[in-house]
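The values are calculated or read from the model by the stated rules, or taken from the named source; none is laboratory data. Computed from a prediction, not measured in an experiment: that's the story for all the values here. As a convention, Cβ positions derive from the backbone with ideal geometry for all residues, glycine included, and neighbour counts pool all protein chains shown. Remember, those area values only see protein heavy atoms, side chains included, never the ligands or the DNA or RNA. Shrake-Rupley method; radii C 1.70, N 1.55, O 1.52, S 1.80 Å.
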Amino acid sequence: MDAEKIANALLALRGKKSREEVASAIGISTSALAMYENAMRIPRDETKIKIAKYYGRSVQEIFFE
């Protein structure tokens with residue numbers, strides 16, 4: 001699992017929405033989302049599922065391609 005690829009995918013998916021808006025909708029902290037988007041951390045499986053549902057994508061598509 002490549003943290004850099006995941007970070008790029010998350011940034012692309014967020015687009016022009018604010019980090020705060022997306023983090024709040026997913027149910028995670030803004031700082032956690034920032035760490036995922038800056039390739040400092042990889043989300044836990046349950047968070048991956050929340051992120052995928054929010055963006056209407058599969059976990060596979062976001063985190064493993």
Scoring only Lys, Arg, Asp and Glu (+1, +1, -1, -1) among other residues with Cβ under 12 Å from the Cβ of Ala23 yields +1
In Å², rounded to a whole number, the accessible area per residue of segment 10-56 with probe 1.4 Å is 59 Å²
Mean projected area, convex hull of alpha-carbon positions in the chain, reported to one decimal in nm², is 3.6 nm²
Once the in-chain neighbours fewer than 8 apart are removed, the lysines whose Cα is under 20 Å from Lys16 read Lys5, Lys50, Lys53
For the chain, the dipole about the Cα centre with charges only on Cβ (Lys and Arg +1, Asp and Glu -1), to the nearest 20 debye, works out at 180 debye
